[in-house]
Amino acid sequence: MMKEIKIIKNRSDIGAGTRGSDMGIDAVEIAAINRDSNYFDSYEFEDVITENESVYNKENNSFAKRISSVFNQCKRLSNHVKVNLQEGKFPIVISGDHSSALGTISGVKAANSTKRVGVVWIDAHGDLHSPYTSPSGNIHGMPLSAAISDDNLDCQINDVDRETTELWDRMKNIGTPGQKVLPEDIVFFGVRDTEEPEDKQMDKYGIKNYMVAEVRYRGLEVCVKEALEKLSDCDVIYVSFDVDAMDCDMISYGTGTPVPKGFDQHEVIAIINQLLESKKVACLEFVEINPLLDFKGNKMAETAFEVLEEVTKTIEKL
């Protein structure tokens, strides 16, 4: 039976250090139009209310910038995802910055409260910081820390105030109380730009990172199969695709934190498709397309749409 797809548009960039990823959805839609594709007319969609005006609020704790609004955003997105999953739909979430992933993961868990949720994180970054360890205070580097409910206090460098601590604790309890994902149920693809606190978390929990060179050397199918075996005890899987997983020199710099030596779009399509074919994937998210930073016109959004269109064909066959 073909899955009914629901597009969830989350135009929020308040968890990032650079503005512009809130325009990523529109850029992808323009890419579709320019390819004469009716993709965005083919599926029902929902818009998530945003609080992007909070970027003008200067009274925020520097260790978790705009945390009150990011909390609200993740809570709203969590509810959108949960309801669609409960209705038997397949949510494809297109978000601005990657802080949204906490909302999406929380929604997946809320809809599957008795089930074990796995995460495949296709990204250049580990996003395992917390307000206590973050060098930037940008919450798009923190979603997995909140999802596994581990602040990594052994690596604490920041003295976080009580208000921020309380809001951070509330973020960790969105959707359902406590931990959404076991750390050992996270698999990375393409992560190549991390700080020491994140490295220590990866070592502590044995989080497997399939770096680009390993995927190319051992074979993509072998690595994805191995990842699925690692997540074999998970009932459902959430796949998060940050476009900076792709090589910025080869593709585009149209993303907030570009990193060279990444995947190409064909590799990303193949990874996601093989994951989808396991029939465990319940939700897919695209993040961090920033057309304001794209000096190749709309190249990043065009490439992201290529990935989106191809993996959607696989979802429809499930």
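The values are calculated or read from the model by the stated rules, or taken from the named source; none is laboratory data. Predicted model, so just to flag it, every value in this text is computed and none were measured. Positions of Cβ are backbone-derived with ideal geometry, glycine not excepted, and every protein chain shown enters the neighbour counts. Surface accessibility is based on the protein's heavy atoms, side chains included, excluding ligands, DNA and RNA. Shrake-Rupley method; radii C 1.70, N 1.55, O 1.52, S 1.80 Å.
The accessible surface of the range 5-317, taken with every protein chain in place and a 1.4 Å probe, is 47 percent carbon and sulfur.
Expressed in nm to one decimal, what extension gain is obtained for the pair SER37 and ARG116 from 0.36 nm per residue of sequence separation less their Cα-Cα distance?
Roughly 24.8 nm would be gained on extension.
Between GLU163 and GLU53, residue separation times 0.36 nm minus the direct Cα-Cα distance comes to 37.5 nm. Which one, (1) 17.7, 52; (2) 20.9, 63; (3) 18.2, 56, gives Rg and Dmax of the Cα atoms in Å as derived from the coordinates shown? Recomputing Rg and Dmax of the Cα atoms in Å here picks out (1). In a simple Cβ point-charge model (Lys, Arg +1; Asp, Glu -1; nothing else charged), the range 248-318 has a dipole of about 160 debye relative to its Cα centre.
In the structure shown, the pairs LYS115/LYS296; LYS6/LYS204; LYS75/LYS230; LYS3/LYS299; LYS3/LYS204 are assessed against 32 Å; a Cα-Cα span above that value is assigned to LYS115/LYS296; LYS6/LYS204; LYS3/LYS204. With the helix formula -39500 (n - 2.57) applied to DSSP H stretches of n ≥ 4, the chain reaches a computed 222 nm mean residue ellipticity of -11500 deg cm²/dmol. Only one residue of ASN158, ASN34, PHE45 has its Cα farthest out toward the positive end of the dipole of the range 5-317, where Lys and Arg carry +1 and Asp and Glu -1 on Cβ, and that residue is PHE45. For the range 134-270, the Cβ-based charge dipole about the Cα centre amounts to some 280 debye (Lys, Arg positive; Asp, Glu negative; other atoms uncharged).
Within the listed set ASP161, ASP244, ASP26, the Gaussian network model of the chain (springs between alpha-carbon atoms below 10 Å) gives the highest mean-square fluctuation for ASP161.
Taking the Cα centre of the range 5-317 as origin, sum charge times position over the Cβ atoms of Lys and Arg (+1) and Asp and Glu (-1), and report the length of that vector in debye to the nearest 20. Computed charge dipole of the range 5-317: roughly 700 debye. Distance from the alpha carbon centroid of the range 231-304 to that of the range 11-52 works out to 15 angstrom.
Restriction of the trypsin sites (Lys or Arg not before Pro) in the range 34-115 to DSSP coil positions whose beta-carbon has at most 14 other beta-carbons within 10 angstrom yields ARG35, LYS58, LYS115. Applying both filters, DSSP loop and at most 13 other Cβ atoms within 10 Å, to the GluC sites (Glu not before Pro) of the range 117-212 eliminates every site.
Hey, what's the chain come to in accessible area per residue, 1.4 Å probe, Å²? Numbers along the way, then the final one.
On the way: 12640 Å² over 318 residues.
That works out to 40 Å² for each residue.
Within the range 104-128, whose backbone N sits under 17 Å from a point 7 Å along Cα→Cβ of GLN86? Once the point is set 7 Å along Cα→Cβ of GLN86, 104-115 turn out to lie under 17 Å by backbone N, inside the range 104-128.
Per residue, the average separation of C-alpha pairs within less than 8 Å and at least 6 apart gives the chain a relative contact order of 23 percent.
Compared with the direct C-alpha span, the chain from GLU46 to ARG216 gains 57.5 nm at full extension, assuming 0.36 nm per residue.
GNM on the chain, alpha-carbon springs under 10 angstrom: the most fluctuating residue among ALA110, ALA270, ALA27 is ALA270.
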